Amino acid sequence: MQQEIRIGVIALTDSAPFVVAQKTGFFEAENLTVELVKQASWATLRDKLAYGEIDAAHMLSPMAIALQLGLGGSPKKDVLAPLVLNRSGNAITVSKALAALISGLVEGETLGSALRAAKSRGERVMVFGTVFPFSMHTLQLRRWLRLNDVDPDQDVRFEVVPPIRMVGSLQAGLIDAFCVGEPYNSLAVNEGLGTIVATSNGLWPKAPEKVLGCTRAWAQENPEAMTGLTNALRRACLWLEGGMENRSKAAAWLSTSDHVNLPGSVLEMALLATIKGGTDPFIQFDGAELTEDQRPMFESLVVETHALTSSRPLDAIQFASGLKPFGF
Amino acid sequence: MVNSKTGKAATPPLKVLLVDEEPGRAAILERALLDAGYVLVSRLSSADRLVEHVAVSQPDIVIVDIDSPDRDCLENMAVLSRSNPKPVIMFSDEDNEETIASAIKAGVSAYVADGMNPDRVRPIVQVAVARFREFQALKNELQKTRDQLADRKLIDKAKGLLMKHRNFNEDEAYHAMRKLAMERNQRLVDTARNVIEVFEMLGGGGL
């Protein structure tokens, strides 16, 4: 018997595992009839999952923690995130002006000290674009800022900008830098608007970028569908790691209007291209089961996600609860 | 100002900001909220500069169409409460999950100023949910009428083809299609579509 399930996705390159599982029949092979439902925002995807309008979702990994702990106005729900769909894949791009400021720093000066000096002169505070408050993008920007002696809570401002508007916002001067997945970093560089200063893999090797998310209640009521879903997506991730031909096919599927709706050439750039002299494609799909050796990485993820909304340290109960979605 | 619904005079009316790309729906909701005695700060048809707008107008509650892509920008204000004079948080009334679930189903999302009493906010969310539902019902009704009209046009076209090429009168043409539809277990409009396709294939489609 085929079971019908609805999966919420955001129209991004890394929604590829869902589209691939659909197009290759991996879902069907698991007796699943899947409807991929494009969501207009991360907030809406989260709410629809929390209240059962969708059964599973393409989710930012920090969002699973925000849901589990009810952070930042998020609904509080027991969730599961059994699969990391892709790892890393983001980069930080700064405007030409900010790049010039960084390269002009003199001995003893840091980006942080320069920004604080500018602030005390009454100059405008720099704005950093991210895709959602609870995202790897935000956490990666904060890591990069700290490495450059910048206090992410005091010295700069964060603004949420949908990926598709990142390059335009940088050009219009609405933001001074951004962290986003490909192809938007490369596009900004190609158009002479920005400089890539860091890749997510450099800041946080193998960072869990997007996960499969569902509520624990749904998983418990639908154990077979849950197993089928993880099997199909794991196969799709392996397929995406199975060579350039597969990636090209995925780019074509994604480029249609019911998915990402961007030209195939742009998606090929995102799925096939390397970045900053690398040899492997920038975006890496995963889908493997989470193993105990990854616990420290997820512990950092919980701590850094919690710190987005509170300057107080995380208590032991919250810490343990934050790890639960990932099975630790 | 006395709130006609509660009869209480003490508390000032709430300032509501409405963000909806459907001007018709927004107008209906605005009317309903005004009638209920709430102060409407403003109505935005696009979420452009939404964050700026919220910072300046400081509404007590923001009602947003759930499918607005700019919801994520508001979420940012919820998290970065330290940097905002009057942070907004998502309305997640834990005492009344039903209200939230029905809001999401109806396509309503709401943000409230931090510290707002949920009892004051809940009625506004409920009014919004009711109006959104009403609007959706109207839209469905309109779509149904449009579909029926389109069906009627196809059936008439197929009838016309049968009358012209098979020398049927109108009644005979209709009954022939009706019979075919029953035999094939089809809707009449689908049979009409098939009839048109067949004649077009034969080159007789141009009436």
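Observations, loosely collected:
- Rounded percent of accessible protein surface that carbon and sulfur make up, region B:146-201, 1.4 Å probe: 49
- Computed with a 1.4 Å probe on the full set of protein chains, the accessible area for A:Leu80 sits at about 40 Å².
- For the pair A:Asp149 and A:Glu241, label points projected 7 Å from Cα toward Cβ lie 4.0 nm apart.
- Rounded to 5, percent antiparallel among DSSP beta bridges of the protein assembly as shown: 55
- Of interest is the spacing of the C-alpha centroids, which for region A:201-265 and region A:40-87 amounts to 16 Å.
- Accessible area of A:Leu212 in the full protein assembly, 1.4 Å probe (Å², nearest 10): 0
- Theoretical ellipticity at 222 nm over the protein assembly as shown - DSSP helices of four or more residues, -39500 (n - 2.57) apiece, nearest 500: -15000 deg cm²/dmol
- DSSP H segments from chain A that extend 24 Å or more along their own axis, Cα-based, with Kyte-Doolittle mean of -1.0 or above: A:223-240
- Modelled FRET efficiency - R0 51 Å, A:Val303 with A:Thr33, Cβ distances, 0.05 increments: 0.80
- Near A:Ala117, once Lys and Arg are set to +1 and Asp and Glu to -1 for all other residues with Cβ below 10 Å from its Cβ, the sum equals +1.
- DSSP loop GluC sites (Glu not before Pro) with at most 11 other Cβ within 10 Å: longest gap in chain A: A:192-328
- Simple spin-label estimate for A:Val106 and B:Glu170 gives 9.4 nm between the two label positions (7 Å along the Cα-to-Cβ direction from each Cα).
- Gain on full extension, evaluated as 0.36 nm per residue between A:Ile317 and A:Glu4 minus their Cα-Cα distance, stands at 109.1 nm.
- Computed about its Cα centre, the charge dipole of chain A is approximately 560 debye, with only Lys, Arg, Asp and Glu carrying charge at their Cβ.
- Per-residue shielding of B:96-105, expressed as the average number of other chain Cβ atoms within 10 Å of the residue Cβ, stands at 3.
- For A:Thr230, solvent-accessible area (1.4 Å; no DNA, RNA or ligand), Å²: 20
- Among the listed pairs A:Lys23/A:Lys206; A:Lys76/A:Lys206; A:Lys38/A:Lys96; A:Lys119/B:Lys15; A:Lys48/B:Lys15; A:Lys38/B:Lys139, those beyond 23 Å (Cα-Cα): A:Lys23/A:Lys206; A:Lys76/A:Lys206; A:Lys38/A:Lys96; A:Lys119/B:Lys15; A:Lys48/B:Lys15
The values are calculated or read from the model by the stated rules, or taken from the named source; none is laboratory data. Since this is a predicted model, take the numbers as computed values, not measurements. Reconstructed Cβ throughout: ideal geometry from the backbone, glycine too, with neighbour counts over all protein chains shown. SASA here: full protein model, heavy atoms, side chains in, ligands and nucleic acids out. Shrake-Rupley method; radii C 1.70, N 1.55, O 1.52, S 1.80 Å.
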